[in-house]
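Q: Sharing a structure below in structure tokens format, with a few things to ask.
The values are calculated or read from the model by the stated rules, or taken from the named source; none is laboratory data. Here the structure is a predicted model, which is why all the values come from computation and not from measurement. In this analysis, Cβ positions are derived from the backbone assuming ideal geometry, glycine residues included, and neighbour counts consider all displayed protein chains.
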4 protein chains.
Amino acid sequence: MEKIILNEVRKPRLKSPVLVGGLPGIGNVGRIAAEYLVEKLKMKKMWDLFSQFFPPQVLIKENGEINLVRNSVYYKKFRDKPDLLVLLGDSQSTTQEGQYEISHYILTMLKNVHVSMIYTLGGYSTGRIVEDPRVLGAVTRKDLVPSLKKSGVVFPKGEPGGGIVGSAGLLLGLAKEMFSIDGVCLMGETSGYFADPKGAIKILVVLKEILDLDLDLKELQIKSKQIEEITGRIQEENQPYSPSGEDLGYFG
Amino acid sequence: MEKIILNEVRKPRLKSPVLVGGLPGIGNVGRIAAEYLVEKLKMKKMWDLFSQFFPPQVLIKENGEINLVRNSVYYKKFRDKPDLLVLLGDSQSTTQEGQYEISHYILTMLKNVHVSMIYTLGGYSTGRIVEDPRVLGAVTRKDLVPSLKKSGVVFPKGEPGGGIVGSAGLLLGLAKEMFSIDGVCLMGETSGYFADPKGAIKILVVLKEILDLDLDLKELQIKSKQIEEITGRIQEENQPYSPSGEDLGYFG
Amino acid sequence: MEKIILNEVRKPRLKSPVLVGGLPGIGNVGRIAAEYLVEKLKMKKMWDLFSQFFPPQVLIKENGEINLVRNSVYYKKFRDKPDLLVLLGDSQSTTQEGQYEISHYILTMLKNVHVSMIYTLGGYSTGRIVEDPRVLGAVTRKDLVPSLKKSGVVFPKGEPGGGIVGSAGLLLGLAKEMFSIDGVCLMGETSGYFADPKGAIKILVVLKEILDLDLDLKELQIKSKQIEEITGRIQEENQPYSPSGEDLGYFG
Amino acid sequence: MEKIILNEVRKPRLKSPVLVGGLPGIGNVGRIAAEYLVEKLKMKKMWDLFSQFFPPQVLIKENGEINLVRNSVYYKKFRDKPDLLVLLGDSQSTTQEGQYEISHYILTMLKNVHVSMIYTLGGYSTGRIVEDPRVLGAVTRKDLVPSLKKSGVVFPKGEPGGGIVGSAGLLLGLAKEMFSIDGVCLMGETSGYFADPKGAIKILVVLKEILDLDLDLKELQIKSKQIEEITGRIQEENQPYSPSGEDLGYFG
């Protein structure tokens, strides 16, 4: 079989689109943010990607139907600003080769539809619960830094120490070296112990400003508070916490 | 070498065949059920599949002859209903890439002989010994659910939680997305601690009805009771159990 | 680079040659036996095989020269009987894919020079020190069994239980299914705890008879006794044993 | 994507160049030495190599810019002696296949620019802190030994016991067998517990003589003493040591 298979669900005409990528990862921060964008902006699915670099697995919907593990790209057309694409997925590639192949494939497809800018979202693990999570940034070109700082993104020296591992970093690295596409990585602080909407909200606040989005964050703020209450209670009881539910299922 | 090598042992003319797949897995439930079908229905071998995605291993028969690890497809022709194919094997692929490649290859071959429906069999691990195992279902298309429910298959919300991993799920996921073949996964409950014919019997009861098979389950019921007695005794003696013998060898 | 690279050191004209294969493995039994054949029969090197399926490593000779890890085939021409080939090597492939690719490649090359029979040598781990090791057999065709039994090879029911893993088994499995070459696996019992010439001697006694070889086993018997004395002493002192030296280096 | 991608930053005309290779490894000895050469000789970058055999990772510079993990080759032209190339990198390949592919690829490129001699640098782990580290050697051709001995390189019998694992060995092994390029491996003794400039200095003393380089080692000697003081103090306090900082980051 082909190592990566693309299913073009729709073929919209796009106007200088910008991509936001949020795959599962630390604290699931990136995915929660990206998923919220897709839901609240009522984005439509454009592509499904299947690959032998994903786990050999199907997920089961509530009605008993199976769904092969995939990555998907959604789109939203705007009248007065660049169109928006969002990359969502059930899983990152589980192999190093796959990380490169999938990222390179997606970038090739994005280049075809003239994507000029990429925002990848991720979590930055602090190892402890953070009251007021920061949003850390990393860029493909240093002159992108000043305007991000104005939007509240921080660039602390030496953080994250080991660089960025996985698709959030690799999409930017390959975009810079091989596709001449600019990009920014936005990392929301999180304990990393559970699916954490708090860092996701902070990232969305930044994105909302940068991309001038009409986005109501109330729902996610409510969910975040619920989780905070549960984890707070559990912390007091000194027990490990494992949430469940459809939206938070990756780490539940 | 070719990554997958097919040896066509026989080339029967098949009439709208249905496939039942039972490879080694949790409690070996799927394989026990499929193997029982092949033996009791005196099915003939059609294909042998060898592959570098299988363990680099030969098995040794009682007469000292070696046999390269393989997957095989058996067939049975019927006068008055769709012909039956059964997929059996010594092993699933041991790599993620191999899981995709093998499943995709088998589906390509099945499409060539116009298979229209696939039933994959597996175990559903409960982590404890089950008195009366349920048969859980998952489908490629939701309108397959009602008739399965009538045959006693259950679709409990949120089970199995993590989806279906391995060939039982992947064959269906690829069948749905890339081959337009319908499919059902039947999962028999099992503790998962030993090769477990009890769940296999329950699956066969369902299959017997769906496929209108003339199948005597007595032999498997006797074997199941023997195992129950042994494991019951061992549980009392509080010792780990490890059965042996040709039929149950995978987990023995 | 090519995944497997053959360097033809010499191109002898061979007469219906027979191959004996002894790569590193359990108790290093097969390799010790094969290496002794090459040395005592003063065999010449015919092929060197390099591959990315071998460890990324060079070995260092006493004079400081490096040698890339390899498998090699040696030959000896006889006037009155089939010529002899011996497969020796620094390592088996370390990956499953590599095990298949290397074995298949070697068989393709052997078929080219009309090899009609393969003997693979290996160890059979007993987990305890054996006074008088047996030689167990496995064959590609059951009518090879009787004459092997006459030469002292045993075929105990259910042994080895899990089949044969690695090149000793795979060479025969692929030879049988894809090359129509007959083969025998000879397994010398060994504790498996150290490089063990004792089982190798027993295998060579069998091979000497089957292949009608003029082979003096004295040297290996002396080495075996030395090791027995050391390991015996160590057993008494109740300490783990780790031999060293050029010949026994794989497990030392 | 291509498995290995070369970016030719500059295309200098080179005169019978010699390569020095120092990738991350034991005690980071090879990399520290090679990096010091590049800095002190003000070498210019010639090639960037990206590959799916490297970790799927970007590193972050102090200004917030990301850099895709890579290997690079730098050059320095001399009037009166062979030009110098240095191979530096963020990482070795993390897979066995990748080790072979990357080394083979680099050798192919080096052959194209007529490299006639390769020096690979590495650490030789002693497992304890060494007062006066030796420089051990290994060669592709034994007549390279005498002149190396004169420069202080030692070739102790049986050391390093297991040969040389990774790119320092493989570059030489492949150079010898497939490219007819001569080579030497220089291994500086190190405890292997931290990034260790002490062994690197000893290697550079040897290289300086062999390649007749105008190289001031003072800076590295100062850094080495600083580290010695810190590790000495820590040893006294009986605590594990983990240095940090840009230059020593690999093992920090």
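Q: Just the residues that are of a type in the set (D, E, K, R), assigned to a helix (DSSP H, G or I) and in contact (Cβ under 8 Å) with a residue 12 or more places away in the chain, please, taken from the stretch C:150-192. Explain how you work it out, then say what you get.
A: As a first pass, look at the stretch C:150-192 and keep what is of a type in the set (D, E, K, R): C:150, C:157, C:159, C:176-177, C:182, C:189.
Retained after the next criterion (residues that are assigned to a helix (DSSP H, G or I)): C:150, C:176-177.
The one that is of a type in the set (D, E, K, R), assigned to a helix (DSSP H, G or I) and in contact (Cβ under 8 Å) with a residue 12 or more places away in the chain: C:LYS176.
Q: With the checklist (1) basic (Lys, Arg); (2) modelled with pLDDT of 95 or more; (3) more than 17 Å from C:VAL38 (Cα to Cα) in hand, flag the one item C:LYS208 doesn't pass.
A: If we test C:LYS208 against (1) basic (Lys, Arg); (2) modelled with pLDDT of 95 or more; (3) more than 17 Å from C:VAL38 (Cα to Cα), just (3) comes out false.
Q: Given the criteria acidic (Asp, Glu) and either touching a residue at least 40 places away in the same chain (Cβ under 8 Å) or more than 13 Å from every other protein chain (Cβ to nearest Cβ) (or both), does A:GLU101 qualify? Outline the logic, then answer.
A: Details: acidic (Asp, Glu): yes; either touching a residue at least 40 places away in the same chain (Cβ under 8 Å) or more than 13 Å from every other protein chain (Cβ to nearest Cβ) (or both): yes.
Judged against the criteria, A:GLU101 is a match.
Q: Filter the stretch C:27-42 down to residues that are more than 10 Å from the chain's Cα centre (by Cα) and within 9 Å of C:GLY199 (Cα to Cα), then give me how many there are.
A: So the answer is 1.
Q: Identify the residue in the stretch B:1-27 that is outside any loop (DSSP other than H, G, I, E, B) and modelled with pLDDT under 95 and, among all such residues, is farthest from the other protein chains (Cβ to nearest Cβ). Let's see the steps before the verdict.
A: Here is the first cut: in the stretch B:1-27, the ones outside any loop (DSSP other than H, G, I, E, B) are B:4-8, B:18-21, B:26-27.
Add one more test, that the residue is modelled with pLDDT under 95, and what stays is B:26-27.
Details: B:ILE26: 14, B:GLY27: 19 Å.
Residue satisfying both the conditions and the ranking: B:GLY27.
Q: Check the stretch C:84-93 and report whether any residue there is out of contact with any Lys or Arg (no Cβ under 9 Å at 6 or more places or on another chain), among the aliphatic types (A, V, I, L, M) and closer than 24 Å to C:PRO56 by Cα. I'd like the intermediate steps shown before the answer.
A: Quick first cut of the stretch C:84-93, residues out of contact with any Lys or Arg (no Cβ under 9 Å at 6 or more places or on another chain) only: C:87, C:92-93.
Of the ones still in play, those that are also among the aliphatic types (A, V, I, L, M) are C:87.
Of the ones still in play, those that are also closer than 24 Å to C:PRO56 by Cα are C:87.
Scanning the stretch C:84-93, I find at least one residue that is out of contact with any Lys or Arg (no Cβ under 9 Å at 6 or more places or on another chain), among the aliphatic types (A, V, I, L, M) and closer than 24 Å to C:PRO56 by Cα, so the answer is yes.
Q: Answer with yes or no whether A:ILE210 is surrounded by fewer than 17 Cβ atoms within 10 Å (Cβ to Cβ) and in contact with a Phe, Trp or Tyr (Cβ under 8 Å, 6 or more places away or on another chain). Talk me through it step by step, then tell me what you get.
A: Values: surrounded by fewer than 17 Cβ atoms within 10 Å (Cβ to Cβ): no; in contact with a Phe, Trp or Tyr (Cβ under 8 Å, 6 or more places away or on another chain): yes.
No; evaluated as a whole, the condition is false for this residue.
Q: Let me ask something else about it. Given the condition buried (at least 20 other Cβ atoms within 10 Å of the Cβ), among the aromatic types (Phe, Trp, Tyr) and in contact with a Pro (Cβ under 9 Å, 6 or more places away or on another chain), answer yes or no: does some residue in the stretch D:27-40 qualify?
A: Step one: filter the stretch D:27-40 for residues buried (at least 20 other Cβ atoms within 10 Å of the Cβ), giving D:27-34, D:36-38.
Subset that is among the aromatic types (Phe, Trp, Tyr): D:36.
The next check asks that each one be in contact with a Pro (Cβ under 9 Å, 6 or more places away or on another chain); those that pass are D:36.
Yes, because at least one residue in the stretch D:27-40 is buried (at least 20 other Cβ atoms within 10 Å of the Cβ), among the aromatic types (Phe, Trp, Tyr) and in contact with a Pro (Cβ under 9 Å, 6 or more places away or on another chain).
Q: Considering only the stretch B:66-85, I want to know if a residue exists there that is modelled with pLDDT under 95 and not charged (D, E, K, R).
A: No: the stretch B:66-85 contains no residue that is modelled with pLDDT under 95 and not charged (D, E, K, R).
Q: Within the stretch B:157-179, work out how many residues are surrounded by fewer than 24 Cβ atoms within 10 Å (Cβ to Cβ) and at pLDDT 95 or above.
A: Step one: list which residues in the stretch B:157-179 are surrounded by fewer than 24 Cβ atoms within 10 Å (Cβ to Cβ), which gives B:157-163, B:165-166, B:176-179.
From the residues that got through so far, the ones that are at pLDDT 95 or above too are B:165-166, B:176-179.
Residues that pass the stated criteria total 6.
Q: Are any residues in the stretch C:70-116 under 17 Å from the mean Cα position of the chain (by Cα), among the hydrophobic types (A, V, I, L, M, F, W, C) and closer than 29 Å to D:LYS176 by Cα, and if so, which ones?
A: C:VAL73, C:LEU85, C:VAL86, C:LEU87, C:LEU88, C:ILE102, C:ILE106, C:LEU107, C:LEU110
Q: A further question follows. Tally up the residues in the stretch B:134-150 that are of a type outside the set (Ser, Thr, Tyr), farther than 22 Å from B:GLN221 by Cα and surrounded by 11 or more Cβ atoms within 10 Å (Cβ to Cβ), please. I'd like the intermediate steps shown before the answer.
A: Of the stretch B:134-150, the ones of a type outside the set (Ser, Thr, Tyr) are B:134-139, B:141-146, B:148-150.
Keeping just the survivors that are farther than 22 Å from B:GLN221 by Cα gives B:137-139, B:141-146, B:148-150.
Narrowing further to those that are surrounded by 11 or more Cβ atoms within 10 Å (Cβ to Cβ): B:137-139, B:141-142, B:144-145, B:148-149.
Here the count works out to 9.
Q: Let me ask something additional. When the stretch A:1-17 is examined, which residues are found to be in contact with a helix residue (DSSP H, G or I) (Cβ under 9 Å, 6 or more places away or on another chain) and under 27 Å from A:VAL184 (Cβ atoms)?
A: Of everything in the stretch A:1-17, those that are in contact with a helix residue (DSSP H, G or I) (Cβ under 9 Å, 6 or more places away or on another chain) and under 27 Å from A:VAL184 (Cβ atoms) turn out to be A:ILE4, A:LEU6, A:PRO17.
Q: A further question follows. Given C:LYS77, C:LYS111, C:LYS45, which one is in contact with an Asp or Glu (Cβ under 6 Å, 6 or more places away or on another chain) and farther than 20 Å from C:GLU2 by Cα? Full working, then the answer.
A: Values: C:LYS111 fails: in contact with an Asp or Glu (Cβ under 6 Å, 6 or more places away or on another chain); C:LYS45 fails: in contact with an Asp or Glu (Cβ under 6 Å, 6 or more places away or on another chain).
Just a single option satisfies the conditions, and that option is C:LYS77.
Q: Could you check the stretch B:34-75 and list, in sequence order, the residues that are aliphatic (A, V, I, L, M), within 24 Å of B:LYS11 (Cα to Cα) and either in contact (Cβ under 8 Å) with a residue 60 or more places away in the chain or facing chain C (nearest Cβ under 7 Å) (or both)?
A: B:ALA34, B:LEU37, B:LEU41, B:LEU68, listed by residue number.
Q: Please go through the stretch C:1-19 and pick out each residue that is exposed (fewer than 12 other Cβ atoms within 10 Å of the Cβ) and farther than 19 Å from C:PRO55 by Cβ.
A: Initially, the stretch C:1-19 is screened for residues exposed (fewer than 12 other Cβ atoms within 10 Å of the Cβ), giving C:2, C:8, C:10-11, C:13.
C:GLU8, C:ARG10, C:LYS11, C:ARG13, listed by residue number.
Q: Right, something else. Could you list, in sequence order, all residues of the stretch C:134-145 that are in a loop (DSSP other than H, G, I, E, B) and over 15 Å from C:VAL206 (Cβ atoms)?
A: First, pick out the residues of the stretch C:134-145 that are in a loop (DSSP other than H, G, I, E, B): C:134, C:140-141.
Residues satisfying the conditions are C:THR140, C:ARG141.
Q: Something else: Quick check: anything in the stretch B:180-202 surrounded by fewer than 20 Cβ atoms within 10 Å (Cβ to Cβ), facing chain A (nearest Cβ under 8 Å) and over 18 Å from B:THR231 (Cα atoms)?
A: For the stretch B:180-202, residues surrounded by fewer than 20 Cβ atoms within 10 Å (Cβ to Cβ), facing chain A (nearest Cβ under 8 Å) and over 18 Å from B:THR231 (Cα atoms): absent.
Q: Provide a single number: the residues in the stretch A:122-174 that are of a type in the set (Val, Ile, Thr) and either at positive phi or facing chain D (nearest Cβ under 8 Å) (or both). If you could, list the steps in order and put the result at the bottom.
A: Keep residues of the stretch A:122-174 that are of a type in the set (Val, Ile, Thr), which gives A:126, A:129-130, A:135, A:139-140, A:145, A:153-154, A:164-165.
Imposing the further condition that a residue be either at positive phi or facing chain D (nearest Cβ under 8 Å) (or both) reduces the set to A:139-140, A:145, A:164-165.
Count: 5.
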